[in-house]
Amino acid sequence: MERFNRKSHWEDIYENKPLESVSWYQPNPETSLNFINQSDLLKTAQIIDIGGGDSFFADHLLDLGFENITVLDISSTAIGRAKERLGNRASKITWIVSDILDFLPKQQYDFWHDRATFHFLTKEEEINHYIKKVSKALASGGTLVIGTFSEQGPTKCSGIDIKQYSTSSLTDLMQHDFERINCLEVDHQTPLGTNQNFVFCSFRKK
């Protein structure tokens with residue numbers, strides 16, 4: 001059986017689907033921005049968006065005056081689309097094309113945001129590898145925000161199996177290196193009009 005190629009899968013999606021048609025399309029990432037506001041970050045804070053692709057989160061961070069924004073995505077096509085949309089402002093962002101499991105952070109971050117990637121990690125070794133990576137990359141006292149499909153949400157996304165979480169299961173998973181700040185469930189309406197239930201949790205690095 002041919003091994004699933006995660007990068008090729010996402011390149012194909014971004015090459016063939018307009019931004020406005022994908023299920024995660026969200027012109028105003030209100031929940032994520034609320035977590036930013038609650039974190040009381042300096043404008044010079046180091047912020048990284050995991051699986052940010054061509055989402056609008058980075059656009060809003062620039063609008064808010066943040067100066068050190070990094071966007072990581074497995075798809076060079078997604079990042080290319082974001083750069084094209086942002087025009088000259090794209091130069092204000094650090095862009096990284098990488099699978100999160102291969103990413104080797106070269107600095108520490110004050111705010112790690114992931115609304116797109118974590119629930120695609122379904123194997124225990126991948127999940128543990130991700131958590132160790134965040135723990136090393138996040139500064140002491142830094143904020144981790146994870147958004148995943150809830151136990152009432154989809155079981156697949158873009159044809160791929162995902163792992164669902166509850167607020168308690170996500171908290172239990174992170175409790176060794178992080179203390180929970182806040183958790184909530186949010187309904188996201190897709191362009192097709194269907195609702196997807198998410199769990200969002202914020203944590204502080206111990």
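Things to note:
- Here's the picture: charge each Lys and Arg Cβ at +1 and each Asp and Glu Cβ at -1 in the range 29-205, and of L104, S91, V71 the one pushed furthest to the positive end of that dipole is S91.
- Given +1 at the Cβ of Lys and Arg, -1 at the Cβ of Asp and Glu and no other charges, the dipole of the chain around its Cα centre is 460 debye to the nearest 20.
- 10 °C / 1.306 mPa s Stokes-Einstein diffusion coefficient of the chain, Kirkwood radius on C-alpha pairs, µm²/s: 92
- If the chain linking R204 and K43 were pulled fully straight, counting 0.36 nm for each residue of separation and taking away their Cα-Cα distance, it would gain 56.1 nm.
- Cβ-derived FRET efficiency at R0 25 Å, Q164 paired with E84, nearest 0.05: 0.15
- For the listed residue pairs K43/K163; K43/K83; K83/K136, the alpha carbons are over 23 angstrom apart in K43/K163; K83/K136.
- Span from the the range 60-128 Cα centroid across to the the range 26-53 one, whole angstrom: 11
- Cα-based reach from K156 at 23 Å (exclusive), listing lysines while leaving out same-chain residues under 8 positions away: K7, K17, K123
- Förster-model FRET efficiency, 41 Å R0, D187 and S140, C-beta, rounded to 0.05: 0.75
- Unpaired Cys in the chain, meaning no second Cys C-beta under 4.7 Å: C157.
- Debye log10 I(q)/I(0) at q = 0.11 Å⁻¹ for the range 80-164, Cα point scatterers: -0.39
- Helix-only [θ]222 nm of the chain, DSSP H runs n ≥ 4, -39500 (n - 2.57) each, per residue, nearest 500: -8500 deg cm²/dmol
Where a number appears in this text, it was derived from the coordinates with a stated rule and is not lab data. These numbers come from a predicted model, not from an experiment. Using ideal geometry, Cβ is built from the backbone for each residue, glycine included, and neighbour counts are taken over all protein chains shown.
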